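Asks: What follows is a single structure, and I will ask about it in a moment.
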Amino acid sequence: MKSIIVEKPTVDEAVKSALEELSSEINEVQIEILKEPSKGILGILGSKVAKVKVTIVNGPEEKAREYIDTVFAKMDIDVEYEITFASNILKVEITKVDEEDKGIIIGKRGNTLDEIQFLLSLIVNKKRENYVKTIVNVEDYRQKREETLKKLAKKTADKCRYYNKKIRLEPMNPYERRVIHATLQDEKDIITYSEGEEPFRKVVVDRR
């Protein structure tokens, strides 16, 4: 468990400073007051600041680790993974897994991986004021998928120009649709928009 010791003029200031440094919230930590502030002679000489120890006991990393261990135990899959948390972004990188199990975790077009990520986001952000973006990745799957989507977007735009008609892509999740939109946003003769209802919402590529 990660913990820090902070000294400030008051206990509240010390706790606030510790929470900011740990990127944590009050309900995720354990607070131990090591020293109460006190005033010295004339309120200045010999005065002492507050000293507190703040320990993360149920932060995003801890919640993620418990969730990931539980999920893959139920799936009967052995994995090795790394968790990082910085700037309100939580990343779970599955670094080692059997190739067959890797396919199971990812699922068709990444659907299973997206579901794991979505549920993790719900768990991590429950009762939290500051939203934490969660990313679950298997080796370099998401990077490869993004490159595939970018190529698809460019190819579809060329096809749209050649046949001079709109083209509807297969249903995609919000993240994948954003990649398509972003890839083609600077094409002066092409527009993109989404249509349909989740989970069958599609990107449409058309001429301006």
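The values are calculated or read from the model by the stated rules, or taken from the named source; none is laboratory data. A quick note: this is a predicted structure, and the numbers were derived from the prediction, not measured. Note that each Cβ is placed from the backbone with ideal geometry, even for glycine, and that neighbours are counted across all protein chains shown.
Asks: Looking for something in contact with a Pro (Cβ under 9 Å, 6 or more places away or on another chain), loosely packed, with under 12 Cβ neighbours inside 10 Å, farther than 20 Å from Ile68 by Cβ and at pLDDT below 95 - is there at least one such residue anywhere in the stretch 119-130?
Replies: There is no residue in the stretch 119-130 that is in contact with a Pro (Cβ under 9 Å, 6 or more places away or on another chain), loosely packed, with under 12 Cβ neighbours inside 10 Å, farther than 20 Å from Ile68 by Cβ and at pLDDT below 95.
Residues are listed down the side, and each one gets a yes or a no for (1) within 20 Å of Gln117 (Cα to Cα); (2) aliphatic (A, V, I, L, M); (3) at pLDDT below 95:
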| site | (1), (2), (3) |
| --- | --- |
| Arg145 | yes, no, yes |
| Thr156 | no, no, no |
| Tyr175 | yes, no, yes |
| Val204 | no, yes, no |
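Asks: Would you say Val124 is closer than 20 Å to Glu62 by Cα and either among the aromatic types (Phe, Trp, Tyr) or in contact (Cβ under 8 Å) with a residue 40 or more places away in the chain (or both)? Quick ask: steps written out before the conclusion?
Replies: Working: closer than 20 Å to Glu62 by Cα: yes; either among the aromatic types (Phe, Trp, Tyr) or in contact (Cβ under 8 Å) with a residue 40 or more places away in the chain (or both): yes.
So Val124 fits the description; yes.
Asks: A further question on this structure: Return the only residue of Thr183, Thr134, Thr148, Thr156 being assigned to a helix (DSSP H, G or I), hydroxyl-bearing (Ser, Thr, Tyr) and touching a strand residue (DSSP E or B) at 6+ places or on another chain (Cβ under 6 Å).
Replies: None of the other options fit; the residue is Thr156.
Asks: Let me ask another. Would you mind stating whether Asn27 is closer than 23 Å to Asn173 by Cα and either not acidic (Asp, Glu) or not in a loop (DSSP other than H, G, I, E, B) (or both)?
Replies: The answer is no for Asn27.
Asks: To continue, here is another question. With touching a Gly at 6+ places or on another chain (Cβ under 9 Å), β-branched (Val, Ile, Thr) and surrounded by 18 or more Cβ atoms within 10 Å (Cβ to Cβ) as the only criterion, which of Val29, Val52 stands out?
Replies: Working: Val52 fails: touching a Gly at 6+ places or on another chain (Cβ under 9 Å).
Result: Val29 is the single residue among Val29, Val52 that is touching a Gly at 6+ places or on another chain (Cβ under 9 Å), β-branched (Val, Ile, Thr) and surrounded by 18 or more Cβ atoms within 10 Å (Cβ to Cβ).
Asks: Now for a different question. Are there any pairs with C-beta distances below 6 angstrom linking a residue in the stretch 47-72 that is without any contact (Cβ under 8 Å) to a residue 12 or more places away in the chain and within 28 Å of Leu113 (Cβ to Cβ) to a residue that is part of a helix (DSSP H, G or I) and of a type outside the set (Ser, Thr, Tyr), with the two at least 6 apart or on different chains, and if so which?
Replies: Pairs that qualify, where the first residue is without any contact (Cβ under 8 Å) to a residue 12 or more places away in the chain and within 28 Å of Leu113 (Cβ to Cβ) and the partner is part of a helix (DSSP H, G or I) and of a type outside the set (Ser, Thr, Tyr): there are none.
Asks: Further question: State yes or no: is Ile77 surrounded by 12 or more Cβ atoms within 10 Å (Cβ to Cβ), of a type outside the set (D, E, K, R) and part of a loop (DSSP other than H, G, I, E, B)? So that I can check it myself, show each step before the final result.
Replies: Details: surrounded by 12 or more Cβ atoms within 10 Å (Cβ to Cβ): yes; of a type outside the set (D, E, K, R): yes; part of a loop (DSSP other than H, G, I, E, B): yes.
Taking the combined requirement at face value, the residue satisfies it.
Asks: May I pose another question? Of the conditions (1) surrounded by 13 or more Cβ atoms within 10 Å (Cβ to Cβ); (2) of a type in the set (S, T, N, Q); (3) over 11 Å from the mean Cα position of the chain (by Cα), Thr70 satisfies every one except a single condition; which number is it?
Replies: Of the numbered conditions (1) surrounded by 13 or more Cβ atoms within 10 Å (Cβ to Cβ); (2) of a type in the set (S, T, N, Q); (3) over 11 Å from the mean Cα position of the chain (by Cα), the odd one out for Thr70 is (1).
Asks: Let me ask something else about it. For the stretch 86-105, state whether one or more residues are among the hydroxyl-bearing types (Ser, Thr, Tyr) and without any contact (Cβ under 8 Å) to a residue 40 or more places away in the chain.
Replies: No, the stretch 86-105 contains no residue that is among the hydroxyl-bearing types (Ser, Thr, Tyr) and without any contact (Cβ under 8 Å) to a residue 40 or more places away in the chain.
Asks: Here's another thing I want to ask about it. Give the residue that is farthest from Tyr141 (Cα to Cα), with candidates limited to residues of the stretch 186-208 that are outside any loop (DSSP other than H, G, I, E, B) and not aliphatic (A, V, I, L, M).
Replies: Result: Arg207.
Asks: Of everything in the stretch 125-173 that's under 16 Å from the mean Cα position of the chain (by Cα) and among the β-branched types (Val, Ile, Thr), which residue is farthest from Gly107 (Cα to Cα)?
Replies: Taking the candidates together, the pick is Val132.
Asks: OK, next. Do we have any residue at all in the stretch 142-159 that's under 25 Å from Phe72 (Cα atoms) and in contact with a Leu (Cβ under 9 Å, 6 or more places away or on another chain)?
Replies: Among the residues of the stretch 142-159, at least one is under 25 Å from Phe72 (Cα atoms) and in contact with a Leu (Cβ under 9 Å, 6 or more places away or on another chain), which makes the answer yes.
Here's the yes/no breakdown for (1) loosely packed, with under 14 Cβ neighbours inside 10 Å; (2) farther than 25 Å from Glu25 by Cα; (3) modelled with pLDDT of 95 or more:
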| residue | (1), (2), (3) |
| --- | --- |
| Ile83 | no, no, yes |
| Ala86 | yes, no, no |
| Lys96 | yes, yes, no |
| Glu100 | yes, yes, no |
| Asn111 | yes, yes, no |
